[in-house]
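The values are calculated or read from the model by the stated rules, or taken from the named source; none is laboratory data. Fair warning: this is a prediction, and the values are worked out from it, not measured in the lab. Please note: Cβ atoms are built from the backbone with ideal geometry, for glycine as well, and neighbour counts cover all protein chains shown.
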Amino acid sequence: MMEKHIRVLVAKPGLDGHDRGAKVVARALRDAGFEVIYTGLRQTPEQIAEAALQEDVDVVAMSILSGAHPHLFPKVVELVRANGMKDTLIIGGGVIPEGDIPALKKAGIAEVFTPGTPTGDIVEFIKTHVKK
Amino acid sequence: MSTEKEKIQAELDAYNASVEKATAKFPERAHLPEQRLYTPLDIKDTDYADDISFPGVYPYTRGVQPTMYRGRFWTMRMYAGFSTAEESNKRYRYLIESGASGLSCAFDLPTQIGYDSDDPISEGEVGKVGVAIDSLADMEVLFDKIDLGKVSTSMTINAPASVLLAMYIAVGEKQGVSPDQLKGTIQNDILKEYSARGTYIFPPRPSMRLITNIFEYCSKNVPKWNTISISGYHIREAGSTASQEIAFTISDGIAYVEAAIKAGLDVDAFAGRLSFFWNAHNNLLEEVAKFRASRRIWAKVMKERFHAKKEKSMKLRFHTQTAGSMLTAQQPNNNIVRVALQTAAAVMGGTQSLHTNSRDEALALPTEESVMVALRTQQIVAYESGLADVIDPLAGSYYVEAMTNKIEAEAWDYIKKIDEIGGAVSAIEQGYIQKEIQDSAYKWQMDVESGAKTIVGVNKFQVEEKPVEGLLRVDASVGEKQKGKLAAMKAKRDNDAVKKALADLEAACDDTNENLMPHILNAVRVYATLGEICGVMRKVFGEYEAHTNL
């Protein structure tokens, strides 16, 4: 499993500047042995899909704290899949009300991690679900 | 005297020896700092007259006013805003009727980054984290039936602060309130946007020009306005420690003062309108010490470094908000207790105004009911707890005084380090400040995950919970509504006047000697939109690009 490094794109879609969580997760994933690329702030879904393709990642992990997730998360899934990346694992996190999660999962977000999640849970989820 | 110290030292040594073994039986508490007890020995070098002194007296350790809350309470200022101007106006009037003494406007992200609601980049974000403001027309609705001559308004707006301030001035004009009567604050602190909060637009140089333009304009025309709220709040939220919070923020403050002096302003003409914004975090006594240390440092900076003459220039006045990042999504009612303790810290630390967070904010924007509990928390602390009855009640505590000294010393080390790098702007450009904050944030998270730090309900005392019901939901149609309003406004306004005002603004942007405020005000008055005005400035100034190193 770990012979070839798992490549993860940590992405901040939308306009919110709260990237404490994204950066902490990025670093925890890196410390867990993944190769991590962080997009920085204010990425459009198009930019994220393009970066995922260019970097040939296995996982796209997005963080939103502004409430724009119902619009932006599904958009990213759609564009990543449209690029032919059928197996890429796409996960999300941030301030996301429980009630929004079923719709996000239906749209193709494999898992949603809410505040208080230990980074170890995210590492385990990726290891279990990534397709390489 | 020295014999008394020797006696205390001997007794302390005996005490430490006697409890060493006993405390070793409690490994769960072993991660705490070594020192368990504070005595007069910890503050033996502290001089009452020089270091602590009286409230309203340099170095203002005990507070900036002589009377503090024996005059009047702090301003209970609840940060609010969401959806459309109509919806937010309702919430503001509700807060005023409930006894809030000042307004605090939250703007949505497109507004904070200078985009109109109909910009493609705004999609999904309109009205989400604050109110959407596209033009003066929205601002008129936002303050409908609110007398700008009476209320004081704080606006959390940074990169486009000049534009929102101009809109506020223009609403005042329409209400018959002259600019010199307006009271309030714009956050206007761009440096912490680069290092911690993320809603920057332009590169540092033109951003600093906009800020000094505002200082100058307001000192002449809007004298009661606080022209900047130099913010540690977001630096702390991004993960910094208490000492880093005040050090990085005061370094930002030094950069603003230097820029204004370089632009030819007299320090005492603008420094009295500078204000600060601190976080009230979980560790109550450390926070009180932090607030006290921050006042002492700023007083020294202004007196010794910038040779301010007026006392007002040396006084660090601050707003406080309880720590959003310390709210838990788990067992959200526990947050009410956290906020109460944080409120106690802010009050014992001598804050000038306070926003208390609501229990449900780790999940969504707060409901009216939970905002009420948060406001009541302040009122209970003010009227019932007794904490506001005595000025700086923790002064003289061996621990709090020693902690005040320690935080001050740690902050000075950082400030010196940043000076060596070439000041806050260079330190941000080199990513130094961002890296320090990131490292602290990561350490915090690892401490929580290892159990070294306990967060009740998160890594200890967890329970199975049902999803919280009745969260506030921003109407998904707000984006469409806002687009409709914007189109109707554009069809109605004098578009030739808009074109002319924008061309005039562009020319002014090109001339670095020109103060941009009057030009922005002219554009706002003819209903040029925020996106149009910021678009002109983007064209001339360019945009900031962040480089993030993990």
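For the reader, a short list of remarks on this structure follows.
Residue by residue, here is whether (1) surrounded by fewer than 19 Cβ atoms within 10 Å (Cβ to Cβ); (2) within 14 Å of another protein chain (Cβ to nearest Cβ); (3) assigned to a helix (DSSP H, G or I) holds:
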| position | (1), (2), (3) |
| --- | --- |
| B:Asp180 | yes, no, yes |
| B:Asp189 | no, yes, no |
| B:Asn213 | no, no, yes |
| B:Cys218 | no, no, yes |
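- Residue within the stretch B:449-459 that is assigned to a helix (DSSP H, G or I) and not acidic (Asp, Glu) present: yes
- Qualifying residue in the stretch B:151-166 (condition: farther than 19 Å from B:Ile211 by Cα and more than 14 Å from chain A (Cβ to nearest Cβ)): yes
- Top-ranked residue in the stretch B:362-417 [being of a type in the set (A, V, I, L, M, F, W, C) and within 14 Å of another protein chain (Cβ to nearest Cβ); ranked as nearest to B:Thr328 (Cα to Cα)]: B:Ala362
- Condition check for B:Val129: touching a residue at least 24 places away in the same chain (Cβ under 8 Å), crowded, with 23+ Cβ neighbours inside 10 Å and either over 18 Å from the mean Cα position of the chain (by Cα) or within 14 Å of another protein chain (Cβ to nearest Cβ) (or both): yes
- Filtering the stretch B:507-550 to residues that are acidic (Asp, Glu) and surrounded by 15 or more Cβ atoms within 10 Å (Cβ to Cβ) leaves B:Glu514, B:Glu532.
- Filter result (buried (at least 18 other Cβ atoms within 10 Å of the Cβ), more than 10 Å from every other protein chain (Cβ to nearest Cβ) and not in a loop (DSSP other than H, G, I, E, B)) within the stretch A:30-50: A:Gln43, A:Ile48, A:Ala49
- B:Asp447 passes every criterion in (1) crowded, with 17+ Cβ neighbours inside 10 Å; (2) more than 22 Å from the chain's Cα centre (by Cα) apart from (1).
- Candidates B:Lys443, B:Lys453 - the one that is more than 9 Å from chain A (Cβ to nearest Cβ) and at pLDDT 95 or above: B:Lys443
- Within the stretch B:420-439, considering residues that are in contact (Cβ under 8 Å) with a residue 40 or more places away in the chain and within 10 Å of chain A (Cβ to nearest Cβ), the one farthest from B:Ala255 (Cα to Cα): B:Gln438
- Some residue of the stretch B:265-279 being within 14 Å of another protein chain (Cβ to nearest Cβ) and buried (at least 18 other Cβ atoms within 10 Å of the Cβ): yes
- Counted residues, the stretch B:1-29 - those being basic (Lys, Arg), under 43 Å from the mean Cα position of the chain (by Cα) and under 27 Å from B:Asp45 (Cα atoms): 1
- Counting only helices (runs of 4 or more DSSP H) that sit wholly inside the stretch B:1-113, those with at least 3 residues that are at pLDDT 90 or above, surrounded by fewer than 18 Cβ atoms within 10 Å (Cβ to Cβ) and out of contact with any Asp or Glu (no Cβ under 6 Å at 6 or more places or on another chain) are B:2-24, B:85-97.
- Only one of B:Val381, B:Val371 that is modelled with pLDDT under 95, outside any loop (DSSP other than H, G, I, E, B) and surrounded by 15 or more Cβ atoms within 10 Å (Cβ to Cβ): B:Val371
- Criterion (touching a helix residue (DSSP H, G or I) at 6+ places or on another chain (Cβ under 8 Å), of a type outside the set (A, V, I, L, M, F, W, C) and free of Cβ contacts under 8 Å to residues at least 24 places away in the same chain) met by exactly one of B:Asp496, B:Asp510, B:Asp504: B:Asp504
- Unmet criterion (only one of (1) surrounded by 22 or more Cβ atoms within 10 Å (Cβ to Cβ); (2) more than 14 Å from chain A (Cβ to nearest Cβ); (3) part of a helix (DSSP H, G or I)) for B:Tyr194: (2)
- When the stretch A:75-112 is filtered for residues that are in contact (Cβ under 8 Å) with a residue 24 or more places away in the chain and assigned to a strand (DSSP E or B), the ones remaining, listed by number, are A:Leu89, A:Ile90, A:Ile91, A:Gly92, A:Gly93, A:Gly94.
- Here B:His307 fulfils each of the conditions (1) under 28 Å from B:Tyr60 (Cα atoms); (2) surrounded by 20 or more Cβ atoms within 10 Å (Cβ to Cβ) apart from (2).
- Flag if B:Val478 is surrounded by 18 or more Cβ atoms within 10 Å (Cβ to Cβ), over 24 Å from B:Asp108 (Cα atoms) and hydrophobic (A, V, I, L, M, F, W, C): no
- Complete set of residues in the stretch A:75-109 that are among the aliphatic types (A, V, I, L, M), surrounded by fewer than 19 Cβ atoms within 10 Å (Cβ to Cβ) and within 11 Å of another protein chain (Cβ to nearest Cβ): A:Ile101
- Within the stretch B:248-264, the set of residues being acidic (Asp, Glu) and surrounded by 20 or more Cβ atoms within 10 Å (Cβ to Cβ) comprises just one member, B:Asp252.
- The one condition in (1) part of a helix (DSSP H, G or I); (2) touching a residue at least 60 places away in the same chain (Cβ under 8 Å) that B:Ile391 fails to fulfil: (1)
- Selection of the stretch A:51-74 for residues being surrounded by 24 or more Cβ atoms within 10 Å (Cβ to Cβ), more than 11 Å from chain B (Cβ to nearest Cβ) and part of a helix (DSSP H, G or I) yields only A:Ala52.
- Test set (1) touching a residue at least 24 places away in the same chain (Cβ under 8 Å); (2) under 17 Å from B:Val371 (Cβ atoms) - B:Lys90 fails condition number: (1)
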